[in-house]
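*Asks:* Quick one: the structure is below, and I'll ask about it shortly.
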Amino acid sequence: MRIEVDAVAGTLESSDALVRVSPAEELRIEVTSTVEAQFGAEIRRTVAEQLDRLGVTEGLISVQDKGALDFVIRARVQGAVLRGAQARPDWRKL
Amino acid sequence: MASCADVLDRREERRDEQVALLGSGVVVSVTVVSPGADKDDAVARSVCAAAVEAVRGLVGRRGWRLAAERSASGVTGPEWLAAVDASGMEVKAALVALEESEPLGRLWDLDVVVGPVAGQPVVLSRRDLGLEPRRCLVCDLDAAGCARSRRHSPLLVDAARAGLAAGASREAAEAAGGLAVDALLMEARLTPKPGLVDAVSSGSHSDMDLVLLERSAEALLPWFVACWQTGWAWSGADAATLRSRLVDIGLAAEAEMLAATGGVNTHKGALFALGLLLAAWGGEAAGQASEGLVERARTRAARLASGWLEDWRRRPDASHGASALRELGLTGARGEASGGFETAATVGLPAYRSRLAETGDADDAARWALMALMAANDDTNLVARGGAEGLAYVRGWARGVVEGRPGPDALVADLADAEAAFVARRLSPGGSADLLAVTWLLDRVDAVGLAAGLGAG
């Protein structure tokens, strides 16, 4: 999937994550988290795996995590990517 | 019940509503902490209403102007939004102070939203104010870390939330649960105890030692806390409702005990007795009882436990107690509990107190109470290992010691001398050991009740 436009999914509430995606020529992933010390590596892996699953190979992906569980991070990454690819996300299917 | 998709969708909608309100000032967003799937229960609604009242009070005191108030509720839980004409940091600091000082504050999520910056609202955090992150509902760690790693069983989180919502302070719950652990540690460390695990011997147990018992007791701490909180939160509910919650907690606690001990049943009976007593104590503490706290807690425990005894008489399980019931008509730990711990309260407690007054030595008083309990108690642990004969042997021996009224040193010698005969018969008076822990806890409950009574006066 290709990111065509800037897009956002999620919020900055606790236990959520705000994911922004923008078009770019290379894949770049930036993650900040309130639980960085404990879970930073795990969150990066979750984000990378989800991007891989969605076939995203280029784009700027920025994740501001507020202690979200993995399934929330996956859903927010998918939501932002689908919106950036100008597809309509259906949360119920994620 | 709210699905994950409902919750995620609602958060984005709420964000959009917050952005729309930002034109009128900084946005205050009130939601409640409800980790379970049922986010719109009666607890959530009353907790949210209290939060809104507290925020309105704060706004009034500070002379801020409130604009565009709106509340919403649905499967994702009650919420309230408003705009305030003050600086974001000032509002956030005041709301954090509310979260920290109000009794229900730990269950409130009072967010302050400013901005937007680059099209996104900015949610101010405690970190922005240089404050520590929020503490977990169950332990002392950072709440976000515990939530993320699902460190605690949902049963513990539920009990903590229900307790807080009903007005039970976490400090009081932890103090009560800590006393139950102290009771187990006191009993385990008391030496010598014939047939039982103590500091110098494993008695008649090949699979346990003191280190294992200590580990087991520590593992039970959060579960004892949850029993007290649950007893408090459901103090007005019918016995069957509370009982089913306590059964869930008890089974999970037992699983954790087995995980901590590598599968050895160290404290099953003690967990039942002490957990029940804590729930009954919490129930009375909720009613602000201080005078006669022990008697009230005993009556409440009896009411709770009698349902179990009836069920069990109708459908006995495969426990040691069940064969003692079948063969000898003994009701064991369930009978003791449904009698409001009568043996502990009328035999163990007077023995402990009179001896403590006499010798001033708490260990000696505990040894003496254990002797009195062994002389009186129809301990089904003894029946399981040694039949009716084993029980008669121990009771006869204990009566002889009690009648001889030995001093502290002679009592230690009597207990030490009995070890070989107990071990030879594989006897372990575990039921009486559990009642010693109950006796000690009853004594503490009384002390807490008296202190509360003095404080109130």
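Read-outs: derived from the displayed coordinates by stated rules, not from any lab. Everything numeric in this text was worked out from a predicted model, so none of it was measured. Note that each Cβ is placed from the backbone with ideal geometry, even for glycine, and that neighbours are counted across all protein chains shown.
*Asks:* To the nearest 500 deg cm²/dmol, what mean residue ellipticity at 222 nm is calculated for chain A from DSSP H runs of n ≥ 4 alone, each contributing -39,500 (n - 2.57), summed and divided by the residues?
*Replies:* -11500 deg cm²/dmol
*Asks:* Given the Cα-Cα distance of B:ALA388 and B:ASP41 and 0.36 nm per residue of separation, how much length would full extension add, in nm?
*Replies:* 119.7 nm
*Asks:* Size of the dipole of the range B:154-456 about the Cα centre, Lys and Arg at +1 and Asp and Glu at -1 on the beta carbon, nothing else charged, in debye to 20?
*Replies:* Computed charge dipole of the range B:154-456: roughly 720 debye.
*Asks:* Using only Cα positions of chain B, each an equal point scatterer, no hydration layer, compute I(q)/I(0) via Debye at q = 0.13 Å⁻¹ and quote the log10 values to two decimals.
*Replies:* Treating every Cα as an identical point scatterer, log10 I(q)/I(0) equals -1.10.
*Asks:* Which cross-chain or sequence-distant (5 or more) residues have an amide H under 5 Å from the amide H of B:ASP109, H modelled 1.01 Å from N in plane?
*Replies:* B:THR31, B:VAL32, B:VAL33
*Asks:* Per the helix-only calculation at 222 nm, which mean residue ellipticity applies to chain B, given -39500 (n - 2.57) for every DSSP H run of n ≥ 4 and division by its residues, nearest 500 deg cm²/dmol?
*Replies:* One gets -21000 deg cm²/dmol as the mean residue ellipticity at 222 nm.
*Asks:* Taking 45 Å as R0, compute the FRET efficiency from the Cβ-Cβ separation of B:LEU131 and B:THR241 and round it to 0.05.
*Replies:* 0.70
*Asks:* Please compute, over every Cα-Cα pair in the protein assembly as shown, the percentage with a separation greater than 39 angstrom.
*Replies:* Distances greater than 39 Å cover 41 percent of the Cα pairs.
*Asks:* What is the fewest-to-most order of A:ASP52, B:ASP41, B:ASP434 by other Cβ atoms lying within 10 Å of their Cβ?
*Replies:* A:ASP52, B:ASP41, B:ASP434
*Asks:* Further question: For B:LYS268, go through the aspartates and glutamates and keep the ones whose alpha-carbon is under 13 Å away, minus same-chain ones fewer than eight residues off.
*Replies:* Filter leaves B:GLU254, B:GLU256, B:ASP434.
*Asks:* Assuming R0 = 35 Å, what is the FRET efficiency of B:ARG399 and B:ASP361, from their Cβ-Cβ distance, to the nearest 0.05?
*Replies:* 0.95
*Asks:* Hey, another quick one. In terms of Cα to Cα distance under 12 Å, which aspartates and glutamates are near enough to B:LYS39, apart from those fewer than 8 places away along the same chain?
*Replies:* B:ASP6, B:GLU79, B:ASP158
*Asks:* Right, next: Tell me, what ³J(HN,Hα) does each residue in the range B:28-44 have, in order and in whole Hz, if you take phi through Karplus 6.51 cos²θ - 1.76 cosθ + 1.60 with θ = phi - 60° and put x for Gly and Pro?
*Replies:* In residue order, the calculated couplings are 9, 10, 10, 9, 10, 6, 9, x, x, 7, 8, 9, 10, 7, 4, 4, 4 Hz.
*Asks:* What relative contact order, as a whole-number percentage, does the range A:7-86 give when Cα pairs under 8 Å and 6 or more residues apart are counted? Numbers along the way, then the final one.
*Replies:* Numbers: 153 pairs, mean separation 38.1, N = 80.
Normalised by residue count, the contact order of the range A:7-86 is 48 percent.
*Asks:* Further question: Loop only by DSSP, 16 or fewer other Cβ within 10 Å of the Cβ. Give me the GluC sites (Glu not before Pro) in the range B:256-300 that pass, ordered by residue number.
*Replies:* Counting only loop positions with at most 16 other Cβ atoms within 10 Å, the GluC sites (Glu not before Pro) in the range B:256-300 are B:GLU291.
*Asks:* Moving on to the next point. What FRET efficiency would be calculated for the residue pair B:ASP16, B:ASP140, taking the C-beta separation as r and a Förster radius of 45 Å, to the nearest 0.05?
*Replies:* Taking R0 as 45 Å, the efficiency between B:ASP16 and B:ASP140 is 0.80.
*Asks:* Using the Cα gyration tensor of the range B:17-120, with a ≥ b ≥ c the square roots of its eigenvalues, what is the shape: rounded (a/c below 1.5), prolate (a/b larger than b/c) or oblate (neither)?
*Replies:* Oblate is the answer for the range B:17-120, as a/c is 1.5 or above yet b/c matches or exceeds a/b.
*Asks:* What list of ³J(HN,Hα) values in whole Hz, one per residue of the range B:141-153 in order, does the Karplus curve 6.51 cos²θ - 1.76 cosθ + 1.60 (θ = phi - 60°) give from phi, with Gly and Pro shown as x?
*Replies:* 7, 4, 4, 4, x, 5, 5, 4, 8, 6, 4, 10, 4
*Asks:* Given a cut-off of under 8 Å on Cα pairs at least six residues apart, what relative contact order in percent is computed for the range B:4-134?
*Replies:* Once normalised by length, the contact order is 32 percent.
*Asks:* Can I ask one more? With θ set to phi - 60° and the Karplus curve 6.51 cos²θ - 1.76 cosθ + 1.60, what are the ³J(HN,Hα) couplings of the range B:103-119 in order, to the nearest whole Hz, using x for Gly and Pro?
*Replies:* x, 8, x, 5, 9, 9, 10, 9, 9, 10, 10, 10, x, x, 10, 6, x
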